[in-house]
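Just so it is clear, none of the values below were taken in a lab; they were calculated from the coordinates. Note that the coordinates shown come from a computational prediction; the quantities given were computed from them, not determined experimentally. Don't worry about glycine lacking a Cβ; one is built from the backbone with ideal geometry, like all the others, and counts go over all protein chains shown.
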Amino acid sequence: MAQSILYLSNISKRYGAHFALEDVTFDVQQGEIHAILGENGAGKSTLVKIISGQVIPTSGRVQFAGDDVALFTPAHARRLGVAMVQQELSVFDDLSVAENIFPDHRFAARGRWINWSRLNAAARQACEAVNFSVDVRTKVGSLSSGRKQLVEILRCINSDARVLVLDEPTSGLNTHETEALIRLLKTLRERAVTILYISHRIPEVLALSDRITILRDGKKRATLVNKDLNQNLLVRAMVGRELQGIHGHVATVLSAGQPALRAQTVSGYGLVRDVDLHVRQGEIVGVFGLEGSGSFELAELLAGVRRRRNGILSVNQKQFQRWSPRVLARSGVQYLHYNRKEAGLYLAMDVSENAAAPRLSALSRLGLVDRKALAHVVRSSIQRFGIKCRPSGQRVINLSGGNQQKLMLSLCLDCTPACFVVSEPTRGVDVGAKAEIHNILRNIAASGGSILLFSSELPELLALATTILIMRDGRIARQVTGKEISEESVMAFAAGTVDG
Amino acid sequence: MAESDIKSTGANAANAITPEIKSTGANAANAITPAIGSRLRSYGIIVVAVTVLAFLGLTRSHFMSLPNIYSLFYGVSLDFYCVAGFTILIIMGEIDLSVGSVYALAGTTAGYLATQGLPIWLCTAAALGIGIFVGLFNGLLVVHLRINSIILTIGTLLLVRGLADVVAAKMAGERYIEAFRDIARARVFSVNWTIIALLVLLTMAEFAMVRSAVGRAIYYIGNNRRSALIHGISVGWYRVAGFALSGALASISGVLVASRITIADVNMGRQLEFTILTAAVLGGASLFGGRGQVVNSIVSYFFLAMILNGLIMFGVEPHLQQVIVGAVLIVIVGLDTHLNREAR
């Protein structure tokens, strides 16, 4: 049996009442490629952060080469020969590709002077090894994010590390680059480099790894030896959770109403290309996509907060060639952003000021905000959404995450519009608040509203949506309705193991 | 697991500031509920102001005399427009450093044209046109080319200052004609009309910022521009209009001040932008936007004017005035950043 180089025993990480990781134990053996597989929110990133020392586990032990590691900092990692590619890129934008691949002064030939030709030649060689065609003298800042990622991977690979930790390394790469990377990782394994490979992409994991540890809901489900495994088995292991009460399937059959929102060949400047979709009155249509599929970008395009390249949007039969959130709000469409810290709230202002923002003109008389009407709106929102707060004098930043989320929802859902583009409505809220939010969404649909629901949580979509659109590579790869909907089928389409 | 991270930081943040909730609660009526920092600071400023004024009043008998205070107040009533425009922009999260130059160019141009025999109303309109033009230029470039407003308006500061110097040089220290000098001098009930205008307009501006939909939109944009966009506020339009307003108001102040100083002065409005910036920050405005009040900026501006006036009475070298303004700015910004770091 090979020696285990990294050993995690009974690792738990708790945030409030919520376990991001619960009692996870596994080991990584010297010289193996070990994959961590799990869907969004399964605890992969927390695990990586614990291994990299950015997050301290609530309980449990991390051992490296047989020694306990109490406080694991990037400096330790370097000394122990661990190199890491993280989801957040850490490249030097103003330096060249070559300098990014070899940031240490390895090519300081004569005294302290850099031997540029040797540096560039080595960088060129490193790039060729992964079929990465780039002028190594270009500044990294001018590259696309996928290519930046490749540069970062190359830096790690070429750092003589004994252990490589790659967190979703292929999320920005095209198939060509991905294949080259996989080939390269295999050659590194022959050189006895240990690789921990974190991904939700099943085909890659199958092609690459020796062993696979599957995480689901923060718990380890299994560590499997990659022999006689197939995609279906992994998909099931990855998503097969018990459906709980709040996740009850409610695919109610609706009377076929008019399409309230319809998009035709909408494309953006990023990933999204030629998206067609429609949402009828009283319907909740879900959109699911893994990271890098362009689903959040699509939500922003439809909401008018991101510049569109082309396409037509119709709201209640009224067509728009171009649209802004203002125009949409007037025609009855509201948007809920997926990240409340980024947009959707005014954190330094109080609840009633937040409540006034999306309905300023409705609340104004002769240009002045009607305070009585505002107080009324605030009272009813607080009541309807069960927000625990004081309406005035308490800054929103001081509310709990769940209450902030509910407030943000109330800002957009309590308005008169009847069509909502909702992106990650339950991100970072606890189970109770999640159930309340789900009920609110159902009630809106039941009373004739239309909801386009973007979520990375499959159970949420299964619980709410009557139709699920699955995005992959910026397109809608597949639409599943009614009985066709299952976690396995959706995940299989999204991960690309089945063709749409 | 990004979601749980967010949750945890949210909870931590809430704990870290819980004691403050109570202290700010009483101040709920304010436009923007201030953090404990700005409250503490506003008390601090009052204490410092009273101390300084008492000291000046006791040591220099002339300082507290009605004519001296009146003259300071009169000066502030002329600069008021410029300070108001600047503050509104800073609340929106933008900075217009070209105000001092616009003020000079508009003022000297109006005076020059009047001396050339043009009717006063036309001269004022021309000055206003200059202000709006420069403001639109700033606003359109900042919004559509996404240029940082500090950098851009430093550019316009230099550019417009150059033009102002050309006009001032044409006048070569000559006095403006009587009719032009009378603009700022006109009195109503034996008080300069600008002082009455200050009181009326300041009240209206403050009311509008706190109660009107437009005023609220300005605070929303400064607080979180992306949220404001999502909530259907025409953010781009507001930002361009804000710059245009800032330019227009700077030109009004410029005309009034040129009329008061009676001669074409090359030093008119030089470094005014930094004095106003200091006053705005002293009055609780944040360079990151979302905070600030026109009335507080004006009070702070008046306070700065009094200190500078007091220094002159003590025979302090006039060039040292800059040292004082600079020191005040550094102390206030340092304090502000420090207190905000604790609060956030």
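Given a Förster radius of 56 Å and the C-beta distance between B:Val52 and A:Arg307 as r, what FRET efficiency does 1/(1 + (r/R0)^6) yield to the nearest 0.05?
Numbers: r = 52 Å, r/R0 = 0.93.
So the FRET efficiency works out to roughly 0.60.
Explain nothing, just the number: dipole magnitude of chain A about its Cα centre with +1 on each Lys and Arg Cβ and -1 on each Asp and Glu Cβ, in debye rounded to the nearest 20.
Details: 61 positive and 47 negative charges, 265 e Å.
Dipole of chain A, to the nearest 20 debye: 1280 debye.
So what is the 222 nm mean residue ellipticity for chain A from helices alone, if each DSSP H run of at least 4 adds -39500 (n - 2.57) and you divide by all residues, rounding to the nearest 500 deg cm²/dmol? Don't jump to the answer; show the numbers that get you there.
Numbers: 17 runs with 165 residues, N = 500.
Rounded to the nearest 500, it is -9500 deg cm²/dmol.
Among residues other than A:Ser293 whose Cβ falls under 10 Å from its Cβ, what is the net charge (Lys/Arg +1, Asp/Glu -1)? Intermediate results must be reported in sequence, preceding the final value.
Numbers: positive: A:Arg472, A:Arg475; negative: A:Glu291, A:Glu297, A:Asp473.
Neighbour charge sum, excluding A:Ser293 itself: -1.
Tell me, in nm to one decimal, what length is gained between A:Ser380 and A:Ala222 on full extension, where the rule is 0.36 nm per residue of separation less the Cα-Cα distance? Walk me through the numbers on the way to the answer.
Details: separation 158, 0.36 × 158 = 56.88 nm, distance 4.76 nm.
Extra length from A:Ser380 to A:Ala222 when fully extended: 52.1 nm.
If you average 1/r over all unlike Cα pairs in segment B:35-338 and invert the result, what Kirkwood radius do you get in angstrom? Working shown, then result.
Details: mean 1/r = 0.0507 Å⁻¹.
Roughly 19.7 Å, rounded to one decimal.
For helix A:401-413, report the angle its Cα long axis makes with the longest principal axis of the Cα atoms of chain A; keep it between 0 and 90° and round to the nearest 10°.
So the helix axis and the longest Cα principal axis differ by about 50 degrees.
So if I place +1 on the C-beta of Lys and Arg and -1 on the C-beta of Asp and Glu, and nothing else carries charge, what would the dipole magnitude of segment A:4-239 be about its Cα centre? I want it in debye, nearest 20.
Its charge dipole is roughly 280 debye.
I want to check the label-to-label distance for A:Thr187 and A:Lys318. Put each point 7 Å from Cα in the C-beta direction and report it in nm to one decimal.
Between A:Thr187 and A:Lys318, the simple spin-label model gives 6.0 nm.
Could you point to the residue in A:Ser314, A:Ile50, A:His376 farthest towards the positive end of chain A's charge dipole, with +1 and -1 charges on the Cβ of Lys/Arg and Asp/Glu respectively?
Of the options given, the answer is A:His376.
Considering only the other residues whose Cβ falls under 11 Å of the Cβ of A:Phe92, what net charge follows from Lys and Arg at +1 and Asp and Glu at -1? List each step's numbers first, then the result.
Details: positive: A:Lys139, A:Lys148, A:Arg155; negative: A:Asp93, A:Asp94, A:Glu99, A:Glu152.
Summing Lys and Arg as +1 and Asp and Glu as -1 gives -1.
Taking a quarter of the surface of the Cα convex hull of segment A:344-415, what do you get in nm²?
Working: hull surface 16.9 nm².
Over all viewing directions, segment A:344-415 projects a mean Cα-hull area of 4.2 nm².
Which value, in debye to the nearest 20, describes the size of the charge dipole of the protein assembly as shown about its Cα centre when Lys and Arg Cβ atoms bear +1, Asp and Glu Cβ atoms bear -1, and nothing else is charged?
On the way: 83 positive and 63 negative charges, 183 e Å.
I would put it at about 880 debye.
Explain nothing, just the number: relative contact order of segment B:35-338, from Cα pairs under 8 Å at least 6 residues apart, as a whole percent.
Working: 468 pairs, mean separation 101.1, N = 304.
Computed over segment B:35-338, the figure is 33 percent.
On a 0 to 90 degree scale, rounded to 10, what angle separates helix A:371-385 from the longest Cα axis of chain A?
Orientation of helix A:371-385: about 60 degrees from the principal axis.
Please identify the longest segment of chain A free of exposed chymotrypsin sites (Phe, Trp or Tyr not before Pro), where exposed means a DSSP state other than H, G, I, E or B and no more than 15 other Cβ atoms within 10 Å. Don't skip to the end; give the middle numbers.
On the way: sites that count: A:Phe92, A:Trp113, A:Tyr269.
Excluding the exposed sites themselves, the longest stretch runs over A:270-500.
For chain A, calculate the relative contact order in percent as a whole number, restricting contacts to Cα pairs under 8 Å that are 6 or more residues apart. It would help to have the intermediate numbers written out before the result.
On the way: 993 pairs, mean separation 76.2, N = 500.
Averaging sequence separation for qualifying contacts and normalising by length gives 15 percent for chain A.
Can you list residues from other chains, or at least 5 along the same chain, whose modelled amide H is less than 5 Å from the amide H of A:Ala222?
A:Ile214
Plugging the Kirkwood radius over Cα pairs into Stokes-Einstein for segment B:230-270, at a temperature of 10 °C and a viscosity of 1.306 mPa s, what D comes out in µm²/s? Walk me through the intermediate numbers first.
Working: Rh = 12.3 Å.
Rounded to a whole number, D works out at 129 µm²/s.
List the lysines whose Cα sits under 19 Å from the Cα of A:Lys139, skipping any in the same chain fewer than 8 residues away.
Output for A:Lys139: A:Lys148.
If Lys and Arg each add +1 and Asp and Glu each add -1, what is the summed charge of the other residues whose beta carbon sits under 13 Å from the beta carbon of B:Val235? Walk me through the numbers before you get to the answer.
Numbers: positive: A:Arg326, B:Arg146, B:Arg225, B:Arg226, B:Arg239; negative: B:Glu94.
Counting the neighbours of B:Val235, the net charge comes to +4.
Here is the link list: A:Lys341/A:Lys483; A:Lys44/A:Lys227; A:Lys219/A:Lys483; A:Lys44/A:Lys434. Which ones come out longer than 32 Å on Cα distance?
On the way: A:Lys341/A:Lys483 37 Å; A:Lys44/A:Lys227 23 Å; A:Lys219/A:Lys483 29 Å; A:Lys44/A:Lys434 22 Å.
Checking Cα-Cα distances, A:Lys341/A:Lys483 exceed 32 Å.
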